[in-house]
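Beneath this line is the structure, given in structure tokens, with notes to follow.
The values are calculated or read from the model by the stated rules, or taken from the named source; none is laboratory data. Because the structure is a prediction, the values reported are computed rather than measured. Every residue, glycine as well, gets a Cβ built from its backbone with ideal geometry; the counts of neighbours run over all protein chains shown.
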Amino acid sequence: MNGDRKQLLDGLHRKVIEKANDGIVVLKDEKIVLSNHAFVAMLDYEGSELEGTRFEDLVEPSRIHEYRDRWESIVHQEDSTGTIRARLLTKRKRILNVEMNTAKLDFEGEPALVTVVRDVSERMTLEAAVEESEARYRTLYESSPIAYFTLSARGTVQQVNNAAEKLLGYSEENMIRRNISAFLPKDEKANVMGNQVIAEILQGKNLEDIEMQLQHAKGKKVWVSVTSSVLSDSIQSSSIGLMALEIDRRKVAESREVEERERANLYLEVMTHDLNNINQSALFTMELLTTTVELPENLESVLTETSWNVRRAARMIANMRAIITLKHSPPKRSKTDLYPHFERAAADADRDFSWKTLNINSNIKDDEFEIVGHMYLWSVFFNIIHNSMMYSRDDEVTVNVSATKVDSGRMVRIEFEDYGPGIPDNMKQYIFKRTGSPEAQIVGRGLGLTVVDHYVTHLGGTVWVEDRIEGDHSQGTRIVMLLPSWVEKKDLPCGRVTCITFYKSDHCLFCEPTYDILMMVLNEMNVPNHHVEVINVDDPSAGISDGELPMLPFIKICDVELTGLVSDDQVRSAVMALLMKDCYPDL
């Protein structure tokens with residue numbers, strides 16, 4: 001019975017060995033007495049070619065000594081088990097990297113060693129590639145001019161590179177295991193700003209090019225541009241990668257630029273104010289001379305021309321002040337009737353050209369067209385009509401003005417047509433540009449149409465120029481503008497003033513970029529801006545206490561609340577939910 005059982009087991013062993021995917025050989029006195037198909041095929045042999053071969057003869061000659069030492073150390077161990085890495089030479093002279101595991105067994109009644117041989121050539125190639133990649137990454141990491149910090153989920157510094165040491169003036173040992181907030185400046189403003197950034201980083205948000213200050217070991221503050229992202233690891237808990245690019249020089253240059261710009265604006269404000277006073281005094285004197293003194297005809301014409309040039313200079317100064325005011329303290333937009341502004345513009349333009357006659361053909365009537373405007377809307381119409389009169393060669397100037405409601409009443413289209421010399425096609429896109437970058441500017445006379453463009457854009461409209469007769473610019477000009485109609489806000493069933501409320505603070509680092517994201521999404525989804533209420537919590541009249549809001553910025557889109565630096569996807573999802581509600585107002 002025992003003999004039958006042994007024979008059965010031997011047969012079973014042979015079947016298992018033959019079916020195995022790894023190469024398996026049985027060695028007696030270091031010679032192969034049994035090998036499976038996988039091992040034979042691995043070495044490019046066939047059938048029983050390898051039986052009787054010394055295993056050592058299959059090892060690549062240059063590695064034979066290394067193989068012998070390792071083999072002896074394993075064979076003479078008590079359990080005779082272990083792992084050997086070797087390089088075998090196939091029948092076709094290919095190098096084969098293998099990993100072998102051995103164990104003692106009785107084979108046909110005699111002691112033998114069974115060896116499992118696994119081809120690890122591909123694995124070793126991958127391991128070498130990984131090692132090379134890691135070495136390359138380490139070199140890049142350490143030699144990068146950008147400071148790198150690896151943080152734990154709680155903000156503890158786990159790893160830094162050489163640039164980080166140089167940036168903050170600490171050694172790696174003095175930064176590791178400290179919280180990143182320990183490297184923030186001590187003064188309140190910079191510290192609050194830095195903690196806002198760190199709070200967003202530790203929430204796992206991806207930040208890009210956020211500017212903040214860190215504190216150098218010597219006590220000086222360092223401006224950096226921060227980018228962060230979560231570093232996922234299937235083995236360890238997620239950590240956070242933080243990159244900090246030193247921007248001290250740029251911030252100093254920007255600060256100087258702001259100072260110089262403010263100084264220039266101050267000089268400009270003083271100059272325009274004083275020049276305007278001088279012009280008014282000169283005009284008063286010339287008007288007094290014209291009405292009280294009988295002058296020769298030639299002197300009277302000179303005085304009239306001088307008076308005209310002084311008024312022209314006064315208009316240029318007024319337009320310059322308008323552009324400055326619009327940038328720094330724009331007028332509040334409100335419900336505006338076109339008619340009184342149009343009437344004032346026509347009357348003032350006509351008064352400026354005493355030697356010409358202005359004929360206006362218009363369909364604009366009182367209380368017929370109400371738009372989003374402000375108290376300076378008349379100057380938009382004035383500059384357009386004034387240009388038509390100034391460039392017309394005729395003493396009698398005709399201007400056709402028409403207004404119509406378009407886009408289902410959402411916009412009002414206003415057209416001004418004249419019969420002057422017109423504007424060539426190659427100049428049409430530039431006539432509104434006298435400010436901005438040098439390549440976008442056009443050298444011309446006055447700032448009137450630039451003021452028109454600035455005011456119309458501020459009101460949410462557009463303006464452009466066409467030929468009165470299409471294809472023939474010499475037949476006159478048509479200036480077209482689209483201005484948004486005034487829409488009375490309907491009472492919402494929820495009792496709120498608007499569907500979307502944006503809470504901000506003057507000291508909030510992420511308020512401006514988050515507001516930009518909000519407005520970008522709203523424009524993309526054609527949601528009118530008047531659905532947004534902006535509340536500055538620093539304004540005492542807002543009536544918002546510090547404890548009422550979780551953090552800033554805070555956006556309330558219907559019943560969805562978003563805080564901090566939100567993504568466009570978050571805003572888009574909330575706005576989409578708003579648009580699907582039955583209570584959402586159409587306009």
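Here are some notes:
- Criterion applied to GLY204, GLY169 was being surrounded by fewer than 17 Cβ atoms within 10 Å (Cβ to Cβ), over 23 Å from the mean Cα position of the chain (by Cα) and without any contact (Cβ under 8 Å) to a residue 60 or more places away in the chain, and the one residue passing it is GLY169.
- In the range 530-572, residue surrounded by the most Cβ atoms within 10 Å (Cβ to Cβ) [restricted to those that are closer than 24 Å to LEU492 by Cα and charged (D, E, K, R)]: LYS556
- Applying the criterion of being closer than 19 Å to GLU368 by Cβ and modelled with pLDDT of 90 or more to the residues of the range 408-434, the residue that is surrounded by the most Cβ atoms within 10 Å (Cβ to Cβ) is ILE414.
- Here LYS581 does not qualify as charged (D, E, K, R), at pLDDT 80 or above, outside any helix (DSSP H, G or I) and surrounded by 15 or more Cβ atoms within 10 Å (Cβ to Cβ).
- Filter pass, PHE342 being assigned by TED's automatic domain parsing to the domain that holds GLY460, closer than 25 Å to ARG311 by Cα and in a loop (DSSP other than H, G, I, E, B): no
- Pairs where the first residue, in the range 172-190, is farther than 13 Å from VAL157 by Cβ and the second is basic (Lys, Arg), C-beta under 9 Å, 6+ apart: PRO185/LYS221; ASP187/LYS221; ALA190/LYS221
- In the set (1) more than 40 Å from the chain's Cα centre (by Cα); (2) among the hydrophobic types (A, V, I, L, M, F, W, C); (3) within 29 Å of GLU415 (Cβ to Cβ), ALA322 fails one condition alone, (1).
- Criterion: under 33 Å from the mean Cα position of the chain (by Cα), at pLDDT below 90 and not in a loop (DSSP other than H, G, I, E, B) - qualifying residue of VAL487, VAL451, VAL497: VAL451
- The combined condition, being assigned to a helix (DSSP H, G or I) and at pLDDT 85 or above, is fulfilled by GLU260.
- Some residue of the range 405-413 being among the acidic types (Asp, Glu), out of contact with any strand residue (DSSP E or B) (no Cβ under 7 Å at 6 or more places or on another chain) and on the phi > 0 side of the Ramachandran plot: yes
- Flag if GLN213 is surrounded by 11 or more Cβ atoms within 10 Å (Cβ to Cβ) and in the same structural domain as ASN174 (by TED's automatic domain parsing): yes
- Residue among ASN162, ASN179 that is within 20 Å of VAL224 (Cα to Cα), at pLDDT 90 or above and touching a Gly at 6+ places or on another chain (Cβ under 6 Å): ASN179
- Residues (of a type in the set (Asp, Glu) and farther than 14 Å from LEU113 by Cα) located in the range 25-55: ASP44, GLU46, GLU49, GLU51
- Scanning the range 153-165 finds no residues that are within 26 Å of HIS507 (Cβ to Cβ), in contact with a Phe, Trp or Tyr (Cβ under 8 Å, 6 or more places away or on another chain) and in the same structural domain as THR227 (by TED's automatic domain parsing).
- Of residues in the range 220-256 being among the β-branched types (Val, Ile, Thr) and not in a strand (DSSP E or B), the one modelled with the lowest pLDDT: ILE235
- Cβ-Cβ under 6 Å pairs, at least 6 apart or on other chains, the range 551-568 side more than 19 Å from LYS581 (Cα to Cα), far side polar (S, T, N, Q) and in a loop (DSSP other than H, G, I, E, B): LEU552/SER505
- Failed item in (1) surrounded by 13 or more Cβ atoms within 10 Å (Cβ to Cβ); (2) not assigned by TED's automatic domain parsing to the domain that holds VAL451, with VAL293 passing the rest: (1)
- Scoring GLN475 on the criteria (1) under 30 Å from GLY448 (Cα atoms); (2) not aliphatic (A, V, I, L, M); (3) not assigned by TED's automatic domain parsing to the domain that holds ASN387 leaves a single failure, condition (3).
- Residue in the range 331-350 that is under 29 Å from GLU415 (Cα atoms), among the aromatic types (Phe, Trp, Tyr) and without any contact (Cβ under 8 Å) to a residue 40 or more places away in the chain present: yes
- Evaluation of TYR170 against (1) more than 19 Å from GLN213 (Cα to Cα); (2) in a loop (DSSP other than H, G, I, E, B) (one fails), failing number: (1)
- When every residue of the range 270-288 is checked against the conditions, none turns out to be without any contact (Cβ under 8 Å) to a residue 24 or more places away in the chain and in a loop (DSSP other than H, G, I, E, B).
- Scan of the range 182-198 for residues that are under 14 Å from GLN215 (Cα atoms) and either under 25 Å from the mean Cα position of the chain (by Cα) or outside any helix (DSSP H, G or I) (or both), ordered by number: LEU184, PRO185, LYS186, ASP187, LYS189, ALA190, ASN191, VAL192, MET193, GLY194, ASN195
- Whichever residue in the range 13-45 is under 60 Å from the mean Cα position of the chain (by Cα) and in a strand (DSSP E or B) and, among such residues, is surrounded by the most Cβ atoms within 10 Å (Cβ to Cβ): GLY23
- Residue list for the range 507-536, restricted to those being among the hydrophobic types (A, V, I, L, M, F, W, C) and either closer than 20 Å to GLY194 by Cα or part of a strand (DSSP E or B) (or both): CYS508, LEU509, PHE510, CYS511, VAL532, VAL534, ILE535
- Any hit, the range 298-308, residues being outside the structural domain of ALA164 (by TED's automatic domain parsing), loosely packed, with under 11 Cβ neighbours inside 10 Å, of a type in the set (Phe, Trp, Tyr) and part of a helix (DSSP H, G or I): no
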